[in-house]
Each structure stands twice: as structure tokens, then as C-alpha cells.
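Participant: What follows is a structure written as C-alpha cells; I'll ask about it next.
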Amino acid sequence: MRILGIDPGFERLGVAILEKLPASARGLGEAKKERVVFSECFKTSAKLEFFERLNLIGAEIEKIIKKYRPEVLAIETLFLNTNQKTVMRVAEARGVVIYQAALSGMKVFEATPLQIKIATTGYGRADKTQVMKMVKILVEIDKGKTSDDELDAIAIALTAFTHIRLT
């Protein structure tokens, strides 16, 4: 199974495709069950009109879905922020991503920050550094990948795998 993890944003969008490894593909005693097939931090320019940025996000997500054929979209829910304009714009970017997933017939899994922290660290009050450290332990990832947005997208996809295992 493949999951498309998204850390939503309109300036920076964390994107990751994770794939569950079958037991036969794991070595004896190997704990890693998921593999990062693709990840990136997709950026849009502040010089563009907002609708153009949304269009670029939609086109990028459509391209990734067509190339990697994930079955599930895992996307972080919004948390309330004091900057309402930013929250609204991130919500609109989320809408574009969810729309592209719906067009492709994908299931959608939404995760709260608390769910992501529990799924990756086992502790709901973990800080961002602890989550990022655990992501690098839980999946094989290029050590050069340091974008918080990209690592968050991986954490969100891992959370979906955890949820899917439990249901």
C-alpha cells in the first residue's frame, strides 16, 4: 500500500510517498516496515498571485498522484493560529490537495498534530525535534533530507499507516 503524506502550506508544501514493505522484503529482525519512495518540499513563490500558487500546488499533486499511484492521502488538520489570513490560505491549499485526491478516487485520512506525535514518538507532548528524530529512525531516509515540511509529511504518512493497522 502507498500513502501520500502532505504537510499543508501554500509557500512550502511537504510531500512524501510511503510504501508498506511486505514482511518478505524486510531482513530478519528488521523493524522498518515502511519505505520512503519519494519526498520533497514543494515551494511556490510569494511573487505569484495566490490563485496561481494554488494552481501550481494542484498541478504538482496531480503529477505525483499519477506517477506514484497512492491509495490514501494523509494530510494534517489545521491548528488554530493567531494569523487568520495564514490559516485561511493554508485551508485553501489543503482543499486543492484533497480535491486532487478525490478526483483520483483516493481515501483521505486526516491527522491532528497530537495523533502525529503519538504515532511517531508515543508521547503526545513531544516537540518537533523529537518527532523529526523518530521519523529518521522509523524509516530509511537520505540523511541530507532536513526540510521540516518534508519530514512532517513523512510523519503524517506514518501516522496513517499506524491508524490503518489498528482498524
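Participant: I need the phi-derived Karplus couplings for segment 102-108: 6.51 cos²θ - 1.76 cosθ + 1.60, θ = phi - 60°, integer Hz, Gly and Pro marked x.
Facilitator: Calculated HN-Hα couplings, in order: 5, 4, 8, x, 7, 7, 10 Hz.
Participant: When the dipole is taken about the Cα centre of segment 1-142, and only Lys, Arg (+1) and Asp, Glu (-1) are charged at their Cβ, what size is it in debye, to the nearest 20?
Facilitator: That gives a dipole near 220 debye.
Participant: For residue 128, give me every one of the lysines with a C-alpha distance below 19 angstrom, ignoring sequence neighbours fewer than eight places off in its own chain.
Facilitator: Candidates past the 8-residue exclusion: 117, 136, 143, 145.
Participant: Same structure again: So for 85, 33, fewest C-beta neighbours within 10 Å to most, what's the order?
Facilitator: In order of increasing Cβ crowding within 10 Å: 85, 33.
Participant: Let me ask you something else. List the aspartates and glutamates whose alpha-carbon lies under 17 Å from that of residue 66, not counting same-chain residues fewer than 8 positions away?
Facilitator: Candidates past the 8-residue exclusion: 19, 40.
Participant: While we're looking at this one, here's another question. Spin-label point model (7 Å from Cα, Cβ direction): what's the residue 77 to residue 50 distance in nm?
Facilitator: Going by the 7 Å Cα→Cβ label model, 2.4 nm.
Rule-based calculations on the coordinates, nothing more; no lab input. Treat the numbers as computed from the prediction; the structure is a model and nothing was measured. Cβ atoms come from the backbone with ideal geometry, glycine included; neighbour counts cover every protein chain shown.
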